[in-house]
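Notes follow once the structure below has been shown.
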Amino acid sequence: MKLIRKCLVILAMAAIAGYGFFEFRTSCYQNTSITLYSSGGQPDMFRLFYNPGFGINERESVNFFKDSINTGKIEFEIPGSWFRQLRIDPGSKSSKVRVDSITFCHDNHRTCLAVEYPSGNVPTLNSDIGLLFDDNELIVRPTRSDSHIGFTQNIRQFIDFQVDWAKTFFLVIKILLVFAVVIVLSYFSYEIRNRVIALFLNLPHWLPFLTCIKPQKVFIYAAVVWGLILVFVTPPFQSPDEFFHFFRIYQISRLKILPFANENMIGGNVPESFFQFTSGYQKIPFNPENKVSVKKILNDFDIPLHPENTIFTFHSNSCQYTPVPYTPQALLMALPVQFNAPPLLLFYSGRLGNLLFWIILVYLAISITPVFKWVFVMLPLMPMSIFQASTLSPDGLTNGLSFLLIAYVLKLVFVENRKITVANIAMMLTMAFFLSLSKTAYFVLIASILIIPLSGFSSKGRWFVLFSGSLAVVVAAMVINHIYLQHVFGQVDVTNGLYAFNKGYPQDVHPEKQLLLMFQDLPGFITVVVGTFGQFWKAYAVGWVGNLGWHDTPFPPVFVSWAYLAMIITALFDSSAVFGFRVWQKIIISCIAAGVILSVLTIIYATWAPLGSKIIYGIQGRYFIPAGPLFLLMLHNRKLHALPGLLSAFVLLNIVVFFSVTIGVLLLRYYL
């Protein structure tokens, strides 16, 4: 026991030392100020990304917003961080942006680097070409379609990072105090152990109560309470593209199903009051220093709708989806629309509709699945999943349908003493059809029918009906999606993916050519996929658990690690001695999970990346939530069993932890 105690103390100290090193690298350097002088163009936004060792991503972004800059000085401040790379993205409304010089300085101004360009080599940026500095020679060369200036490789050759000794001193004191706490606790480990043993000896007194708790009831209570709080705690428009989702949902609620083109842009007409409503929330994303007041939100109830005064708005990114994933939001929004309710009331009605349909779908999934009921409780209640369901995001319906489809397949896999009926087949095909119409990438989930054993069918002919019907449903959904996209985007000159429809932009993104190139060079595409995951896997891992807001509000690494550990423990012990998967079934499950990932990557690569790009940008960890049950099903086993009621207690405890941390993160980000 003494040896085990010493080993645990050493491991704890090593973990604390690693945390101290991480904190030193990310918070104990002097602030770095970056000044960029630009001329020409009309940039509406400048964003800075910097990489302290985890890749360029929106988690570590600093932004500068300004409505119009003809000749401007743009300043960024990177607070106390050492970094390997940085990137500056100018967003231009109508023309190219000329960058004249960039200057780097520290707090004490002892280190200052000015990057200027000789005549003829001044970089001009627009959305068709990005520019990257080679650190050794500072030579400008083209990189990728998302316009940016980037410093890569070893930026320390040009910036002499200075340690802030005051911050370092306080960090050392904090680490020493934590070390002291660990050492003290190690001496009292025997008493702590005895208390834990006493707790478990008393388990029989309260475990019978927990044994009687039904997972679906736990979910419904937790989802209603937590979801309603998130609907109103999350400020308006603080989830990805929620501005544009709001515009699209309003049009659908007025039965304006199809968007239209105006001046080579895709969108629709909305009341002018929407812009008064949205203007107060536009500078909050990516700016953690900008907060929201409850008074401001309440005052927005006074903004009248005036539906007769409309204006065209561009929102092609929400027009790329069929009306299906917006139907729940639009149905609940339709009622207040008829009474010309204020825009804020319409907004919250849409959020409530999304949450309501999501809760119903997940509740049905938990009720019908014969296995993994507690997994189906915890996974939807992960912060990212319920956050998306409590906003206007189309992910709510998509995730709910995915969970329900997988649960229904599991029901058919373990069907006993009865055969699969035509009604079962029709139900499954209906869910697959609407899921494919919601987001095409998840059509792969219908392949889960392959894990249903033939013994569950009355004849091979019925299995063939299910298989051929699944293919027909997927093809039909894809054809409808294709016709819809052709009708919508065929009205404009699509020249740079789904987000650039202004005339004059050079053609850069070609989905058809990109797909053809992928099939002609599959090894090359696999290399792109591997390289993308190698660069962004940490961001994907965080985003799957929770990176709230506009992916600018991540959870602490300790919480993310615990969330994964809790899910794995639940999946391992939420087992059954009656139901189990065979090896061939788990192989198929793993292939389907990989297929979902590959489908998401392929669609994003074809519609976002420039032709022949070596990396896939724009992918978020939340895109893999629909395949979550499949990832965890591979851990299902018949050997590990928790004490009756103990798994229920573990899940309940984690739900409370998830809820508390999520609310705390949102309050700190937006209100405190």
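The values are calculated or read from the model by the stated rules, or taken from the named source; none is laboratory data. Remember, predicted model here, so these are calculated numbers, not experimental data. Glycine also receives a Cβ, built like all others from the backbone with ideal geometry; neighbour counts cover every protein chain displayed. Quick note on the areas: whole protein, heavy atoms, side chains included, nothing else; ligands and nucleic acids left out. Shrake-Rupley method; radii C 1.70, N 1.55, O 1.52, S 1.80 Å.
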**Message:** For the stretch 438-463, give me the residue count where each residue is without any contact (Cβ under 8 Å) to a residue 12 or more places away in the chain and among the hydrophobic types (A, V, I, L, M, F, W, C).
**Reply:** 2
**Contacts under 7 angstrom Cβ, first residue in the stretch 575-594 being under 17 Å from Leu640 (Cα atoms), partner modelled with pLDDT of 85 or more and open to solvent by 30 Å² or more (accessible area, probe 1.4 Å), 6 or more apart** = Phe579/Pro370
**Fill in**
Exactly one of Ile249, Ile303, Ile197, Ile297 is open to solvent by 60 Å² or more (accessible area, probe 1.4 Å) and either of a type in the set (A, V, I, L, M, F, W, C) or at pLDDT 90 or above (or both), and that one is Ile197
**Message:** Among the residues that make up the stretch 387-399, is at least one of them buried (at least 19 other Cβ atoms within 10 Å of the Cβ) and farther than 30 Å from Val488 by Cα?
**Reply:** no
**Asked** If we scan the stretch 463-470, do we find a residue that is assigned to a loop (DSSP other than H, G, I, E, B) and modelled with pLDDT under 85?
**Response** no
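Residues are listed down the side, and each one gets a yes or a no for (1) in a helix (DSSP H, G or I); (2) hydrophobic (A, V, I, L, M, F, W, C):
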{"site": "Val415", "(1), (2)": "no, yes"}
{"site": "Val444", "(1), (2)": "yes, yes"}
{"site": "Leu450", "(1), (2)": "yes, yes"}
{"site": "Ser458", "(1), (2)": "no, no"}
**Fill in**
Among Ser470, Ser455, Ser448, the single one that is open to solvent by 70 Å² or more (accessible area, probe 1.4 Å), under 28 Å from Phe579 (Cβ atoms) and small (Gly, Ala, Ser) is Ser455
**Request:** State which residue pairs qualify: first residue in a helix (DSSP H, G or I) and inside the stretch 346-362, second residue open to solvent by 20 Å² or more (accessible area, probe 1.4 Å) and β-branched (Val, Ile, Thr) in any location, beta carbons under 7 Å apart, and separation of 6 or more residues or different chains.
**Result:** Ile359/Ile220; Ile359/Val224
**Prompt:** Got a sec? Which of Ala365, Ala432, Ala423, Ala407 is open to solvent by 10 Å² or more (accessible area, probe 1.4 Å), assigned to a helix (DSSP H, G or I) and either of a type in the set (Val, Ile, Thr) or within 30 Å of Gly580 (Cα to Cα) (or both)?
**Reply:** Ala423
**Prompt:** Of (1) touching a residue at least 40 places away in the same chain (Cβ under 8 Å); (2) closer than 15 Å to Val422 by Cα; (3) not aliphatic (A, V, I, L, M); (4) not in a helix (DSSP H, G or I), Gln491 satisfies all except one. Which?
**Reply:** (2)
**Request:** Please enumerate the residues belonging to the stretch 595-617 that are β-branched (Val, Ile, Thr) and either open to solvent by 30 Å² or more (accessible area, probe 1.4 Å) or touching a residue at least 60 places away in the same chain (Cβ under 8 Å) (or both).
**Result:** Val596, Ile597, Val600, Thr602, Ile603, Thr607, Ile615, Ile616
**Request:** Of the conditions (1) touching a Phe, Trp or Tyr at 6+ places or on another chain (Cβ under 7 Å); (2) closer than 23 Å to Tyr442 by Cα, Phe387 clears all except one; give me its number.
**Result:** (1)
**Request:** Could you pull out the residue among Leu355, Leu345 that is under 21 Å from the mean Cα position of the chain (by Cα), modelled with pLDDT of 90 or more and either closer than 30 Å to Gly628 by Cα or open to solvent by 30 Å² or more (accessible area, probe 1.4 Å) (or both)?
**Result:** Leu355
**Asked** Quick one: what pairs do we get from the stretch 536-556, first residue touching a residue at least 12 places away in the same chain (Cβ under 8 Å), second aromatic (Phe, Trp, Tyr) and open to solvent by 30 Å² or more (accessible area, probe 1.4 Å), C-beta under 6 Å, 6+ apart or different chains?
**Response** Lys538/Phe54
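For every residue, the table says whether it meets (1) over 26 Å from the mean Cα position of the chain (by Cα); (2) more than 18 Å from Leu345 (Cβ to Cβ); (3) open to solvent by 70 Å² or more (accessible area, probe 1.4 Å).
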| site | (1), (2), (3) |
| --- | --- |
| Tyr221 | no, yes, yes |
| Val225 | no, yes, yes |
| Val231 | no, no, no |
| Pro240 | no, yes, no |
| Lys256 | yes, yes, yes |
**Request:** Tell me which residues, restricted to the stretch 621-665, are open to solvent by less than 40 Å² (accessible area, probe 1.4 Å), touching a helix residue (DSSP H, G or I) at 6+ places or on another chain (Cβ under 8 Å) and free of Cβ contacts under 8 Å to residues at least 40 places away in the same chain.
**Result:** none
**Asked** Yes or no: Val560 surrounded by 22 or more Cβ atoms within 10 Å (Cβ to Cβ), farther than 30 Å from Met518 by Cβ and at pLDDT 90 or above?
**Response** no
**Complete:** The number of residues in the stretch 264-275 that are open to solvent by 50 Å² or more (accessible area, probe 1.4 Å) and either touching a residue at least 60 places away in the same chain (Cβ under 8 Å) or among the small types (Gly, Ala, Ser) (or both) is 0
**Message:** Every residue in the stretch 368-386 that is open to solvent by 10 Å² or more (accessible area, probe 1.4 Å) and not basic (Lys, Arg), please.
**Reply:** Ile368, Pro370, Trp374
**Request:** Within the stretch 228-285, track down each residue that is of a type in the set (Val, Ile, Thr), over 26 Å from Val488 (Cβ atoms) and in a helix (DSSP H, G or I).
**Result:** Ile229, Val231, Val233
**Asked** How many residues are under 27 Å from the mean Cα position of the chain (by Cα), in a helix (DSSP H, G or I) and not β-branched (Val, Ile, Thr) if we restrict to the stretch 560-600?
**Response** 17
**Asked** What residue, of His482, His487, is under 30 Å from Asn424 (Cβ atoms), modelled with pLDDT of 80 or more and not charged (D, E, K, R)?
**Response** His482
